[in-house]
Structure formats: structure tokens, C-alpha cells
Amino acid sequence: MRPLWTVVCLCLGLMLPLSVSPSIMITEAAPPPEPIPSYAKWSRLAIKEAKKRYPTAQIKDFLYVGRAKQGRDKTSERFKLWVQNQNKEFGLLVTVVFDTNTEKVQSISFVETPN
């Protein structure tokens with residue numbers, strides 16, 4: 001009969017390879033995170049203001065239309081939102097105009113469009 005410490009050592013020796021540290025294991029590299037688009041701040045504002053204007057509506061989707069310079073110190077960001085308000089579904093163009101240097105919002109306008 002073997003001493004107890006020999007049995008314990010044998011058992012630990014068999015279990016040790018099963019408890020390999022995850023840092024040693026080979027894994028696939030995760031894809032790099034996508035950069036945050038420059039219009040993200042303005043899209044959140046456009047959606048927030050649309051929800052204020054249409055409080056009972058659901059915003060189904062949105063599309064970034066683009067950025068345009070309006071003179072030397074103004075920039076506009078345009079978004080098209082797809083809105084469902086009760087039985088009506090429509091597009092909503094939201095334009096956010098802001099000071100290019102300070103990013104202070106100067107105006108937000110809304111235009112309803114057919115889908």
C-alpha cells in the first residue's frame with residue numbers, strides 16, 4: 001500500500017493539466033473595436049429631440065444623411081428617422097445646426113416626409 005501523500009501527489013499531478021490558466025491558452029484575436037463616428041453626438045441629440053416632439057411615437061430606424069458647412073462658423077448634421085406614431089408611419093428629416101468652433105447648438109429643425 002502506498003503512503004497517502006503519494007496518492008495525493010499523483011491525483012494533483014493528473015488534475016494540474018486540466019486547470020491550465022486561460023492566459024496560456026491560444027485564442028482567436030477579437031476584431032478591433034469600430035471607431036465612434038463623428039456624428040454620434042449629433043445623432044443622439046436628433047433622436048432625443050424627435051422623441052420630445054413626438055412623445056408617443058416609436059423611432060424605428062435612422063440614417064445619417066451627412067454633414068455640410070454653412071458659412072465659416074456653422075455646420076449642419078442631417079439625419080433621417082423612420083417614425084411610427086399611432087397608425088401613421090413617416091420619415092422625419094432632422095437637421096442640427098451648430099457652431100463649428102464651440103459645438104454649441106444653434107437650431108434643430110424637423111421636416112416630415114413620406115417613407
Looking at this structure, is residue 3 over 30 Å from residue 105 (Cβ atoms), exposed (fewer than 10 other Cβ atoms within 10 Å of the Cβ) and modelled with pLDDT under 95? yes
Lone unmet requirement of (1) at pLDDT below 90; (2) on the phi > 0 side of the Ramachandran plot; (3) not acidic (Asp, Glu) for residue 66: (1)
Find the residue count for region 74-99, including only residues that are farther than 18 Å from residue 52 by Cα and modelled with pLDDT under 95. 1
Report yes if residue 83 is free of Cβ contacts under 8 Å to residues at least 60 places away in the same chain and in contact with a helix residue (DSSP H, G or I) (Cβ under 6 Å, 6 or more places away or on another chain), otherwise no. no
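The values are calculated or read from the model by the stated rules, or taken from the named source; none is laboratory data. If you're wondering where the values come from, they're calculated on a predicted model, not measured in any experiment. All Cβ positions, glycine included, derive from the backbone under ideal geometry; neighbour counts span all protein chains shown.
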